[in-house]
Amino acid sequence: MAEPYLVVEHLTKVYERGQVLALKDVSFTVEKGEFLVVIGLSGSGKSTLLRCINRLVEPTSGRIFLGGVEITRLSAREMRKMRRKIGMIFQQFNLIKRATVMTNVLTGRLGYNPTWRTLLGLFPKEDRELALKNLERVGLSDKAYVRADELSGGQQQRVGIARALMQEPELLLADEPVSALDPATSHSVMQYLEQMNREDGVTVLASLHFLSLARRYGTRIIALKEGRLVFDGPPEAIDDAKFKEIYGEEAEQVEVR
Amino acid sequence: MTSEAAAGVRPKARAEGSTLRRRFLSFLLDWMIWGYIAYGVMYLLNAYWWTVPLERYYSTLTLPSWGWPLAVLGTLEMAVWSRNLGRSLGLKAFGYEVWGADGKPPTVGQRVKRALLWHLSVLPLGAGFWSSPERPWHDRLAGTELHVLPSSPAPKRRKALFSQWGIMSLLLIALTIWLGWLIIKIDPRVLIRRWDEGSRIWLEMLHPDFRYFARPDPAFELRNLSFSILDMAVVTLFMALLSTILGAALAFPLSFLGARNVMGFNPAGWLVYFVMRGLFNIFRSIDTMLWAVIFAVWVLWGSPLAGVLALTVHTIAALGKLYSEQVEGIDPGPVEAVAAAGGSRIEVIRYAVIPQVAPSFWAFTLYRWDINVRMSTVIALVGGGGIGDLLFYYKNQGDWPKVGAVVIVIVAIVWAMDYISGRLRERIV
Ligand SMILES: Nc1ncnc2c1ncn2[C@@H]1O[C@H](COP(=O)(O)OP(=O)(O)O)[C@@H](O)[C@H]1O
Ligand SMILES: [Mg+2]
């Protein structure tokens with residue numbers, strides 16, 4: 001049998017500042033085309049886990065393989081090249097607020113263009129066309145030359161998705177992509193992720209706050225608790241007992257419809 | 001005191017071991033305050049009682065040989081007791097407050113005990129701090145704690161005027177005015193007595209002599225050439241413009257080297273950061289006027305080049321520091337996003353950092369432009385060249401009508417530049 005697409009082995013992360021043990025010996029694998037949802041209380045290490053995979057956060061120990069390449073051994077330059085294939089969207093959208101939507105989307109092509117071009121803002125014509133195509137796909141073609149901070153939260157996150165699409169990613173990391181959005185907008189954003197997963201074959205790793213969303217969109221769920229992996233299985237396998245173990249005794253299930 | 005009820009909700013932030021330095025500085029502040037008071041009292045006693053000639057006194061500080069140890073120990077004692085018997089300025093300035101370990105305000109007995117025990121615990125080389133820096137012997141034995149209060153919403157407090165630090169602040173201000181009055185020898189009568197001198201100069205300046213506005217003045221020679229007021233005004237303007245543009249252009253790239261978040265948290269990054277910030281601070285703390293003195297000797301006395309160099313160096317350092325602080329204050333989100341998309345460090349700066357800092361960079365640059373315009377008009381005093389050369393030449397000649405003309409031109413330049421930078425500022429904010 002072939003190697004799984006993403007392999008995380010004994011991943012541990014200790015933040016120097018404050019000596020926080022954010023991840024402790026976490027191991028799991030992801031097959032190509034999966035929609036893996038990471039759940040857990042805030043502070044359980046979800047953001048850290050996702051950021052270790054594209055090495056925005058440097059793991060303390062453990063190994064990560066992506067498509068057979070050991071990410072944790074790549075040099076900074078090789079890692080930058082690798083990041084082209086790993087899209088990422090964020091809880092706070094992380095757009096360049098004072099720049100246009102177009103500029104924001106084009107930053108998804110930074111890894112594909114020589115530095116002298118990007119520094120002058122000279123993106124090739126194909127990139128601009130691709131940007132318009134991706135903006136159309138997320139329903140924002142009329143907003144291309146609007147400043148990013150003039151958009152609503154849901155629209156900003158769709159710009160974030162368009163930016164990730166520009167990378168033509170194989171893997172998409174989504175760190176609580178809908179936590180800053182209201183329920184209705186949440187679903188529309190999640191549906192774009194689902195579409196990327198089903199139609200473009202992008203493997204998705206998304207951390208979500210609500211179990212109901214995780215059940216609705218995930219093909220598999222892993223759960224973190226205080227930096228440890230405490231669950232790995234299909235959405236149906238999370239029963240009441242398991243839920244209480246992950247979220248604590250007092251927790252109640254909240255639905256997001 | 002009636003705030004016992006509030007004691008329960010008081011956040012129990014105990015002083016950390018790493019704040020030993022803070023604690024020391026806080027004490028040092030109190031000690032210095034008492035030293036200043038002692039100096040003031042001695043000065044006033046001399047002035048009003050022993051009547052030592054004051055001109056001599058404030059610089060000589062005469063004390064008998066046994067006086068010095070007495071003053072040092074006396075002020076030390078005052079510092080200790082003032083810190084324990086109430087909330088001293090040193091405690092207040094660093095956000096400290098003495099509290100009972102039971103969460104109640106300390107009793108008078110505890111306060112006295114703490115002051116007495118302090119001597120045993122601190123004087124023998126700070127022995128009381130060795131075992132537990134957060135809670136030294138004198139705190140543990142007196143059953144007290146030194147709390148750091150959060151600076152945000154304060155629980156109910158006494159009015160400033162009824163607290164030790166409040167009274168102390170008033171006392172210090174009053175003492176400073178009193179001493180200053182004596183030391184500067186403030187005498188408003190001089191203004192009246194010398195009214196004739198003053199009014200003559202004012203009158204002559206109010207009849208400005210603009211004959212040499214556009215024509216070179218043969219009386220004024222700089223390196224065998226004569227200049228008009230307009231000539232010198234143009235030179236001055238370009239001094240200000242050039243030093244601002246050069247200074248900003250050089251400070252811009254350097255400021256990223258002086259920003260911790262751009263340099264990263266690896267040892268090499270730290271080194272560059274510290275060197276850059278150190279240079280900014282050193283060069284900035286040497287005033288433009290001092291730089292002009294140096295460059296006037298180096299280049300040529302009275303050459304505008306010396307002035308431009310001085311202004312540029314100081315501009316680089318001042319803007320460099322302001323710029324780097326802005327860079328450090330950015331939202332890290334976009335930085336993360338650009339890096340995650342495969343952007344290199346320079347692309348991160350171009351796409352995630354610069355858009356965020358651009359407005360404040362412009363604002364600081366315009367602010368610096370205002371400063372440079374003002375400085376360039378007077379930097380000639382120390383050999384930096386510009387319109388000040390004319391000003392000081394005419395002043396030394398006692399040619400007040402011409403001084404009046406130059407002053408009017410200087411005012412016009414400063415006003416016009418202020419207006420322009422003000423309009424530009426409106427556009428960017
Ligand atoms: N840059 C950092 N420095 C120090 N500690 C951090 C840092 N980032 C996160 N942590 C700590 O690591 C733990 C995990 O945080 P995080 O991965 O953000 O969790 P989550 O995304 O699940 O809320 C938390 O205890 C958090 O305080
Ligand atoms: Mg998080």
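The values are calculated or read from the model by the stated rules, or taken from the named source; none is laboratory data. The structure displayed is predicted, hence computed values, not measured ones. As a convention, Cβ positions derive from the backbone with ideal geometry for all residues, glycine included, and neighbour counts pool all protein chains shown. We work out accessible area using only protein heavy atoms, side chains counted, and drop any ligands, DNA or RNA first. Shrake-Rupley method; radii C 1.70, N 1.55, O 1.52, S 1.80 Å.
Give me the angle, in degrees from 0 to 90, between the Cα long axis of helix B:288-298 and the longest principal axis of the Cα atoms of chain B, rounded to the nearest 10.
Tilt of helix B:288-298: around 50 degrees.
Please give the contour-minus-distance gain from B:Glu134 to B:Ala249: 0.36 nm per residue of separation, less the Cα-Cα distance, rounded to one decimal in nm.
Details: separation 115, 0.36 × 115 = 41.40 nm, distance 4.75 nm.
Extra length from B:Glu134 to B:Ala249 when fully extended: 36.7 nm.
Determine the shape class of chain B: with a ≥ b ≥ c the square roots of the Cα gyration tensor eigenvalues, call it rounded for a/c under 1.5, and otherwise prolate if a/b is greater than b/c, oblate otherwise.
oblate
Rank these residues by their accessible area, most exposed first, probe 1.4 Å: B:Trp118, B:Trp66. Show your work: numbers first, answer last.
Details: B:Trp118 25, B:Trp66 170 Å².
The ranking, largest first, comes out as B:Trp66, B:Trp118.
Of B:Tyr394, B:Gly383, B:Ala412, which is farthest on the positive side of the dipole of the range B:218-428, counting Cα position, with +1 on Lys and Arg Cβ, -1 on Asp and Glu Cβ, and the Cα centre as origin?
B:Gly383
Residue separation times 0.36 nm, minus the C-alpha to C-alpha distance between B:Ser65 and B:Arg22: what's the value?
12.2 nm
Taking the Cβ-Cβ separation of B:Glu328 and B:Ala412 as r and a Förster radius of 41 Å, what is the calculated FRET efficiency to the nearest 0.05?
It comes out at approximately 0.55.
If each of A:Glu249 and B:Leu222 carries a label point 7 Å out from its Cα toward its Cβ, how far apart are those two points in nm?
Each label point lies 7 Å from its Cα, and together they span 8.5 nm.
Among B:105-115, B:230-240, B:326-336, B:385-395, how do they line up by average Cβ neighbours within 10 Å per residue, starting with the highest? Display every interim value, and only then the final one.
On the way: B:105-115: 16.7, B:230-240: 21.0, B:326-336: 18.4, B:385-395: 23.6.
Ranked from most to least packed, the peptides come out as B:385-395, B:230-240, B:326-336, B:105-115.
Give the angle, between 0 and 90 degrees and rounded to the nearest 10, that separates the Cα long axis of helix A:183-199 from the longest principal axis of the Cα atoms of chain A.
80
With a point put 7 Å past each Cα toward its Cβ, work out how far B:Leu206 is from B:Phe392 in nm, to one decimal.
2.9
Using R₀ = 30 Å, calculate the FRET efficiency as 1/(1 + (r/R₀)^6) where r is the Cβ-Cβ separation of B:Val234 and B:Ile286; round to 0.05.
Here the calculated transfer efficiency is 0.60.
Spelling out what I want: for every residue of the range B:271-282, take phi, set θ = phi - 60°, compute 6.51 cos²θ - 1.76 cosθ + 1.60 (Karplus), and round to whole Hz; glycine and proline get x.
4, 4, 4, 5, 4, 4, 4, x, 4, 3, 5, 5
Skipping prolines and chain starts, which residues have an amide H placed within reach, meaning under 5 Å, of the one on A:Leu23, given they are 5 or more residues away or on another chain?
Amide H to amide H, under 5 Å and 5 or more residues apart or across chains, A:Leu23 pairs with A:Lys13.
Find how many whole Å separate the alpha carbon centroid of the range A:184-257 from the alpha carbon centroid of the range B:325-394.
If we compute the Cα centre of each part, the gap is 47 Å.
What does the charge dipole of the protein assembly as shown about its Cα centre add up to, to the nearest 20 debye, if the Cβ of each Lys and Arg holds +1 and the Cβ of each Asp and Glu holds -1?
1160
Other chains' Cβ within 10 Å of B:342-354 residues: what's the mean?
6
Based on the alpha-carbon gyration tensor of the protein assembly as shown and its eigenvalue square roots a ≥ b ≥ c, which shape applies: rounded if a/c is under 1.5, prolate if not and a/b is larger than b/c, or oblate?
Working: a/c = 2.81, a/b = 1.37, b/c = 2.06.
Oblate, because a/c is 1.5 or more while a/b does not exceed b/c.
For the range A:94-105, just list the computed ³J(HN,Hα) in residue order, Karplus coefficients 6.51, -1.76 and 1.60, θ = phi - 60°, integers in Hz, with x standing in for Gly and Pro.
Along the range A:94-105, the couplings run 6, 7, 7, 5, 8, 9, 6, 4, 4, 4, 4, 5 Hz.
Relative contact order, percent, of chain A when contacts are C-alpha pairs under 8 Å separated by at least 6 residues?
27
Using a 1.4 Å probe on the protein chains only, how many percent of the accessible area of the range B:218-428 belongs to carbon and sulfur?
On the way: 6820 of 9460 Å².
Ligands and nucleic acids excluded, carbon and sulfur give 72 percent.
Counting only other chains, and only Cβ atoms inside 10 Å, what mean value do you get across the residues of A:104-110?
Values: counts 4, 0, 2, 12, 6, 2, 10.
If you average over the peptide's residues, the count of other-chain Cβ atoms is 5.
When only C-alpha pairs under 8 Å and at least 6 residues apart count, what is the relative contact order of the range A:117-192, in percent?
With pairs under 8 Å counted, the relative contact order is 28 percent.
Based on DSSP H runs of at least 4 residues, each adding -39500 (n - 2.57), what is the mean residue ellipticity at 222 nm of the protein assembly as shown after dividing by all its residues, to the nearest 500 deg cm²/dmol?
Mean residue ellipticity at 222 nm (helix-derived): -17000 deg cm²/dmol.
How far is helix B:229-257 tilted, in degrees, relative to the longest principal axis of the Cα atoms in chain B, given as a value from 0 to 90 rounded to the nearest 10?
Between helix and principal axis, roughly 40 degrees.
Quick check on my link table: of B:Lys104/B:Lys159; A:Lys81/A:Lys225; A:Lys46/A:Lys242; A:Lys13/A:Lys46, which ones sit more than 21 Å apart, alpha carbon to alpha carbon?
Exceeds cut-off: A:Lys81/A:Lys225.
Per residue of B:326-339, how many C-beta atoms from partner chains lie within 10 Å of its own C-beta, taken as a mean?
So the per-residue partner count for this stretch is 5.
Calculate, for B:Phe265 and B:Ile167, the FRET efficiency according to 1/(1 + (r/R0)^6) with r their C-beta to C-beta distance and R0 56 Å; round to the nearest 0.05.
Efficiency at R0 = 56 Å is approximately 0.75.
Run the dipole for the range B:218-428 about the Cα centre, Lys and Arg Cβ at +1, Asp and Glu Cβ at -1, nothing else charged, and hand back the magnitude in debye, nearest 20.
Once rounded to the nearest 20, the dipole reads 100 debye.
If the elastic network links every pair of Cα atoms under 10 Å, which of A:Glu194, A:Glu78, A:Glu136 fluctuates the most in the Gaussian network model of chain A?
Comparing A:Glu194, A:Glu78, A:Glu136 in the GNM, the peak value goes to A:Glu78.
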